Amino acid sequence: MSEELDPVVARAVAVLKAEPDFGAGFDRRVMDAVRAEPRPGTVSAWWASLRRPREVSISPLGAFAIAAGLVALMLGSVIVASSWRFGIEQGAGGVASGGGADLRPVQFVLIMPEARTVTLVGDFNDWEPDGLPLQRSAAEGVWSVTVPLAPGRYRYSFVIDGTRWYADPGAPRAIEDDFGRPNSILTVGEQGS
Amino acid sequence: MTRLLLSALALATIAAVPGLAQDTRIDARLDPATAAEVRSALATARNQGLPLEPLIDRALEGASKGASSGRIVAAVRALLNNLSRAAQALGPDAAERELVAGAEALRAGADSATLAAIRGARRGEPVTVPLGVLTDLVARGVPADAAREAVLALARRGARDGDFLALRRNVERDIQQGAPPAIAASVRARGLPSTLPPGAPGAAGPGATTERTAPAGTATPPRP
């Protein structure tokens, strides 16, 4: 059962049937490229698959979820990094609750009636001048704060009104004075409690 | 998008590693040149197995006090040197707080042999408080040799942390009342152990090992 083609269609068929000219040595080049590919199951094949670019599709909601997770991870890391050393956590009543460490509440007291603000800075809070504000008690001019601390030796100072550094007159003075503003020393023992 | 996600993941990973996260405090509060010098000291400490936090604390203290870059770097490097000496004297099992106390004692004028002697006399007990009291005594004017003998005498008799703190308080009180520092330390070191109950682990009561700061202008009271 034969059917004669329209001349136009016949020319198109002839064009499509014609083999393209890939040039001399095409087969050899193809086989060389195949041999250069890493064998499946080898380390080089695994590494090549990792390096091969891929397109990744992600929905806006998925991108938002991933971004939120990363932000939460980073915030959590910062919090852990700032408190991991002594496990300082200021919960209700300033009681320590950190990480099973042997924390003990230590009260810092300063009598300074003329002060408007008093903060405590030291090895236990990265020397942040805004770190631990003392509260003025009912008694005139008495400032205090309680900090949970692990056994050890701490250098600290008070900052009066945000500008004036003031060593604790009721505590030993630190022997080193590297920065021209003396510190006090607190020793928290490990035994006997 | 993939590149952005991978970058965010890398940042989160860096922040999640404590040793690296701490360095961000340095970068946030020091100028770049000072931060680079401090990071170099931290790398040295890390290679020697020394704690990093005391060095970071010293740098941050300098930053908070507005110290110059030179003073901050010098203070960090001096502390690094003393931490290294303290680690050699106290042994590989020394805790961070012991190394800090040891470095401070060295800074005060104690020698490595004194640190090792106190470590040996304590027989596995922590030496943070004895070393700290040694430093405090020297700071109050007690000659280093006399302070060493006073602290060693207590350590050899099995004194507890509270006993060392009591020694310091008593010596301070004696000095305030006019006693020569060396004699005050010697007398108190001889006298304090006799107050301990026979065979007692220490005369200090609960909480007595923790000092409590006192109102300005008053003597430091023991904790109740």
Neighbour cut-off at most 15 other Cβ (10 Å), DSSP loop, trypsin sites (Lys or Arg not before Pro), the range B:118-167 = B:Arg123, B:Arg157
inquiry  = Give me the one-decimal nm value for the distance between modelled label points at B:Ala43 and A:Glu19, 7 Å along each residue's Cα-to-Cβ direction.
reply    = 6.3 nm
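Per residue of B:118-130, what is the mean number of Cβ atoms on other protein chains within 10 angstrom of that residue's Cβ? Mind dumping the intermediate values first?
Working: counts 0, 0, 0, 0, 0, 0, 0, 2, 5, 1, 7, 9, 1.
Across B:118-130, the average partner-chain Cβ count within 10 Å equals 2.
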remark   = For the pair A:Ala48 and A:Ala12, the simple spin-label estimate (label points 7 Å beyond Cα toward Cβ) gives in nm 4.0 nm
request  = With a point put 7 Å past each Cα toward its Cβ, work out how far A:Ala65 is from A:Asp27 in nm, to one decimal.
outcome  = 5.3 nm
ask   = Among B:Leu83, A:Leu50, B:Leu50, what is the fewest-to-most ranking by other Cβ atoms within 10 Å?
value = A:Leu50, B:Leu50, B:Leu83
ask   = What's the exposure ranking of A:Thr117, B:Thr135, B:Thr128, B:Thr114, going from fewest to most Cβ atoms within 10 Å?
value = A:Thr117, B:Thr114, B:Thr128, B:Thr135
query = Let a ≥ b ≥ c be the square roots of the eigenvalues of the Cα gyration tensor of the range A:127-193; is it rounded (a/c under 1.5), or, if not, prolate (a/b larger than b/c) or oblate?
reply = oblate
message = Let me confirm one metric for peptide B:161-173, namely the mean number of other chain beta-carbon atoms within 10 Å of its residues' beta-carbons.
response = 2
Per-residue Cβ neighbour rank within 10 angstrom, fewest leading, A:Val147, A:Val30, B:Val187, A:Val8 = A:Val8, A:Val30, B:Val187, A:Val147
task = Distance between Cα centroids, the range A:110-156 to the range B:59-136: provide it in whole Å.
result = 25 Å
message = If R₀ is 56 angstrom, what is the calculated FRET efficiency for the pair A:Glu114 and A:Arg39, using the beta carbon separation as r and rounding to 0.05?
response = 0.10
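Laboratory data are not the source of any read-out in this text; all were calculated from the coordinates shown. The structure displayed is predicted, hence computed values, not measured ones. Every residue, glycine among them, receives a Cβ derived from its backbone with ideal geometry; neighbour counts consider all protein chains shown.
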